[in-house]
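Data first, discussion second: the structure below is written as structure tokens.
The values are calculated or read from the model by the stated rules, or taken from the named source; none is laboratory data. A quick note: this is a predicted structure, and the numbers were derived from the prediction, not measured. Neighbour counts are summed over all protein chains in view; Cβ atoms, including those assigned to glycine, are modelled from backbone coordinates with ideal geometry. SASA here: full protein model, heavy atoms, side chains in, ligands and nucleic acids out. Shrake-Rupley method; radii C 1.70, N 1.55, O 1.52, S 1.80 Å.
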Amino acid sequence: MADINYLPGKEPHAREHRMIFRNVDRAGWDTSIATYLKEGGYEQLKAALKMEPKAVTEEVKKAGVRGRGGAGFPAGLKWTFIPPNNTKPVYLICNADESEPGTFKDRYIIHQDPHQLIEGMAIACFAVGAKLAYIYIREEFPEGAKILEKAIAEAREKGFLGKNIQGTGFDLEIYVHRGAGAYICGEETGLIESLEGKRPYPRIKPPYFPAAMGLYLCPTIVNNVETLCHVKHIIQMGGDEYAKLGTPNNTGTRILCVSGDVQKPGYFEVQVGKVTMGELIHDMCGGLKPGRKLKAVIPGGSSAKVLRGGEVFKIKRGDAMVDVSLEDIPMDFDTLAACGSMAGSGGVIVIDDSRSISWVLNNLNAFYAHESCGQCTPCREGSLWMKKITDRLVAGQGAPGDIDTLDSVARQIDGRTICAFGEACSWPTEAFVAKFRDELVADTNPGTADAIVNRETLLAAANLAQ
Amino acid sequence: MILKANFSVMALEIPSTLEQEIDERITHYPVSKRSAVLPVLHALQHHFGYISEEAVEWTAKKLDLLPIKVLEVVTFYPGFRQYAPGKYHIRVCRTLSCAMAGSFDLMDSLCQAAKIDRSGVNHHHPIAVSEDGKYSIEFAECLASCGTGPVCMVNDDFHEKVEDAAALLGQYRD
């Protein structure tokens, strides 16, 4: 990448492997199609259009790229879930709702390299046979929506979208659809409901797996922005070559977004699993603030279970069980899962010893209480209860039994809801209680009666905390 | 000052350019016109500042829906308002990374600089407006720029690493 100049102060770290973010913060780069075409833009779409659609899917499968939105499901495999005897139209939706706290990667792709996304989408649409695709973009990216619409118009004008693309007979229209500020629209079935013009209440699976019954009850592929960008690079490199990036079963690159208590927060595109948590925090992010100690790390967006500073994990490596310290965890999907958390959306939130765990958990609980769609009782009620209990803790009004209650509320949500929001909202509480119980207990007030079952007391306490 | 839903507005006057824009948006959904609820509401809110009862009815008529099918969308999404915000509507990110970077202090100093009293806000009425109606403010959940907190939006403009509330408001005086 010696030929690329980046804006002063925005140069990638030496350990980065810039592929998706190649053009982010690049000097002289802009969002026009002219700039994109100068660097071989849309060549991969042209190449893909000469292949059989099935062969394109095969390359993506061989690449082993796992979804970058949070679940980490293999993208190529997802595409093959469209029923083979399908006669209905197929749709593709790009999930650009980027709303998991701690995650800020899609923002830069959309705002600085929109054509990369459109090219990736067009290739994916060709592979799955979609002639109509939507980019579901969060409402809080108004500028991003305009940039994408301009880019789509440019691509259409140059014959990369529209009817009979590049004379191949393949038709495709892409439209931008703006959300309206609801986190739940990042859940793929909630997103589909929203795109149908309804409240984004997630659908139950089975039967509503989008690949079989998605938008308008037709087969629908929903992929994250970053995942769709990878498709372009997979076609460029070939699936086998791509799979050499990263580590086995954790292939390719991914963008890690670091925020919180580090010297230099930011985004870093690295080969999956080739950088450890310690290298990320202490080297790439310039370490913690002076005199501070690492207290906790949320490794994959706010829903990922927190890891405690100094924690040692017993994980399987080959046939042996080995001890791995927090700092030695490679930033991949499988190791983070083995450590009881997840790589999620790549949003790493670093928390140092100046922070109160009650305050951190309360902030997250307030988020989930606000964002629960309200469809399932355990989540609607439980998320609010968790917020109210931590409200009390922060206000110094927590009862001695509150931490057990908090844990019990969380465990009554997890696994009892239509969508994964139930896990997303209960995992932070479960993990913080498991790993920081002493500190949370220390924040309760022994003088407060254990009367949380009493609605009046609860309301009074919640008012106190406001 | 906390604004509550206010439906006593004049009859909706939709300029022809706005209606053309809306009609064009509807063509993006060849399978189901209902899908255009969000884009139509966005266009109306952008023009009028909020979604009035008349706007709900107009949207319903435009898309051949019962008004309740539109209203249920308006009341669900935090991005739609049923009352007029200030000329400059500020959204401050409240979520963890920005909170750690000082977004609660930013909220306080913005309120002070814009002379906004937030004491009456709650889940159903999250927006507070300055007495002169020029500024309004609310907390928003994660604006997806956690590495550059505290962040906020003023209307459609995005601002990162906001430290000086008065300087920010200074860009939005007229």
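Looking only at residues in the range A:172-214 that are over 25 Å from A:A122 (Cα atoms) and of a type in the set (D, E, K, R), which one is farthest from the other protein chains (Cβ to nearest Cβ)?
The qualifying residue farthest from the other protein chains (Cβ to nearest Cβ) is A:K205.
Assuming B:A101 fulfils every condition listed in (1) within 28 Å of A:K198 (Cβ to Cβ); (2) within 12 Å of chain A (Cβ to nearest Cβ); (3) not aromatic (F, W, Y) apart from one, which condition is it?
Condition (1) is where B:A101 drops out.
Could you go through the range B:7-16 and let me know if any residue there is in a helix (DSSP H, G or I) and out of contact with any Asp or Glu (no Cβ under 8 Å at 6 or more places or on another chain).
Taking every residue of the range B:7-16 in turn, at least one turns out to be in a helix (DSSP H, G or I) and out of contact with any Asp or Glu (no Cβ under 8 Å at 6 or more places or on another chain).
Which one is farthest from the other protein chains (Cβ to nearest Cβ), of the residues in the range B:130-142 that are without any contact (Cβ under 8 Å) to a residue 60 or more places away in the chain and under 17 Å from A:E100 (Cα atoms)?
By that ranking, first place goes to B:F139.
Could you count how many residues in the range A:131-160 are under 13 Å from A:E173 (Cβ atoms), open to solvent by less than 10 Å² (accessible area, probe 1.4 Å) and within 13 Å of chain B (Cβ to nearest Cβ)?
3
Out of the range B:25-38, which residues are at the interface with another protein chain (Cβ under 7 Å from one of its Cβ atoms) and open to solvent by less than 20 Å² (accessible area, probe 1.4 Å)?
Selection gives B:H28, B:S35, B:A36, B:V37, B:L38.
For the range A:239-262, give me the residue count where each residue is within 14 Å of chain B (Cβ to nearest Cβ) and either open to solvent by 20 Å² or more (accessible area, probe 1.4 Å) or in a strand (DSSP E or B) (or both).
7
In the range A:263-276, which residue that is under 22 Å from A:S99 (Cβ atoms) and assigned to a strand (DSSP E or B) is nearest to the other protein chains (Cβ to nearest Cβ)?
A:G266
Go through (1) touching a strand residue (DSSP E or B) at 6+ places or on another chain (Cβ under 9 Å); (2) under 23 Å from A:A420 (Cβ atoms); (3) among the small types (G, A, S); (4) not in a helix (DSSP H, G or I) and name the single condition A:S194 misses.
(4)
Conditions (1) under 20 Å from A:S341 (Cβ atoms); (2) under 24 Å from the mean Cα position of the chain (by Cα); (3) at pLDDT below 90, marked per residue:
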site: A:D402; (1), (2), (3): no, no, no
site: A:D407; (1), (2), (3): yes, no, no
site: A:A431; (1), (2), (3): yes, yes, no
site: A:F436; (1), (2), (3): yes, no, no
site: A:G447; (1), (2), (3): no, no, yes
site: A:T457; (1), (2), (3): no, no, yes
site: A:A461; (1), (2), (3): no, no, yes
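Assess whether A:K61 counts as being of a type outside the set (D, E), more than 22 Å from A:F160 (Cβ to Cβ) and either free of Cβ contacts under 8 Å to residues at least 24 places away in the same chain or part of a helix (DSSP H, G or I) (or both).
Answer is yes for this residue.
Which residues, taken from the range A:123-144, are closer than 17 Å to A:G214 by Cα and either in a loop (DSSP other than H, G, I, E, B) or of a type outside the set (A, V, I, L, M) (or both)?
A:C125, A:G129, A:K131, A:Y134, A:Y136 - these are the residues of the range A:123-144 that are closer than 17 Å to A:G214 by Cα and either in a loop (DSSP other than H, G, I, E, B) or of a type outside the set (A, V, I, L, M) (or both).
Search the range B:113-159 for residues being among the β-branched types (V, I, T) and open to solvent by 10 Å² or more (accessible area, probe 1.4 Å), and hand back the single one that is nearest to A:R138 (Cα to Cα).
Among those residues, the one meeting the criterion is B:T148.
Here is a check on your reading of the model: is A:T417 within 13 Å of A:I389 (Cβ to Cβ) and either open to solvent by 40 Å² or more (accessible area, probe 1.4 Å) or among the polar types (S, T, N, Q) (or both)?
no
Out of the residues in the range B:143-169 that are of a type in the set (D, E) and assigned to a loop (DSSP other than H, G, I, E, B), state the one that is farthest from the other protein chains (Cβ to nearest Cβ).
Out of the qualifying residues, it is B:D164.
If a residue counts only when it is closer than 19 Å to B:E160 by Cβ and assigned by TED's automatic domain parsing to the domain that holds B:K161, which helices (runs of 4 or more DSSP H) contained entirely in the range B:58-142 have at least 3 such residues?
Ranges flagged: B:96-100, B:103-114.
Restricting the search to the range A:41-63, which residues are open to solvent by less than 30 Å² (accessible area, probe 1.4 Å) and either farther than 20 Å from A:E226 by Cα or not β-branched (V, I, T) (or both)?
A:G41, A:Y42, A:Q44, A:L45, A:A48, A:L49, A:A63
Consider the range A:316-368. How many of its residues are open to solvent by less than 20 Å² (accessible area, probe 1.4 Å), within 14 Å of another protein chain (Cβ to nearest Cβ) and within 24 Å of the chain's Cα centre (by Cα)?
Residues meeting the conditions: 18.
For the range A:206-223, which positions are on the phi < 0 side of the Ramachandran plot and either in a helix (DSSP H, G or I) or in contact with a helix residue (DSSP H, G or I) (Cβ under 7 Å, 6 or more places away or on another chain) (or both)?
A:Y208, A:P210, A:A211, A:G214, A:L215, A:T220, A:I221, A:V222, A:N223
Kindly indicate the residue of the range A:161-178 that is open to solvent by 10 Å² or more (accessible area, probe 1.4 Å) and of a type outside the set (S, T, N, Q) and also farthest from A:N95 (Cα to Cα) among those meeting that condition.
Checking each candidate, the answer is A:G167.
Select from the range A:215-238 the residues that are out of contact with any Ser or Thr (no Cβ under 7 Å at 6 or more places or on another chain) and within 14 Å of another protein chain (Cβ to nearest Cβ) and list them in ascending order.
A:L215, A:L217, A:C218, A:P219, A:T220, A:N224, A:V225, A:E226
Scan the range A:65-113 residue by residue and report those that are open to solvent by 40 Å² or more (accessible area, probe 1.4 Å) and either aromatic (F, W, Y) or within 14 Å of chain B (Cβ to nearest Cβ) (or both).
A:G69, A:F73, A:F81, A:K88, A:P89, A:H111, A:Q112
Let's see how each residue does on (1) in contact (Cβ under 8 Å) with a residue 24 or more places away in the chain; (2) over 25 Å from A:F367 (Cβ atoms):
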residue	(1), (2)
A:T168	yes, yes
A:Y183	yes, no
A:T227	yes, no
A:E241	no, yes
A:T253	yes, yes
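Kindly establish whether A:E196 is closer than 28 Å to B:E141 by Cα and crowded, with 24+ Cβ neighbours inside 10 Å.
Criteria not met by A:E196.
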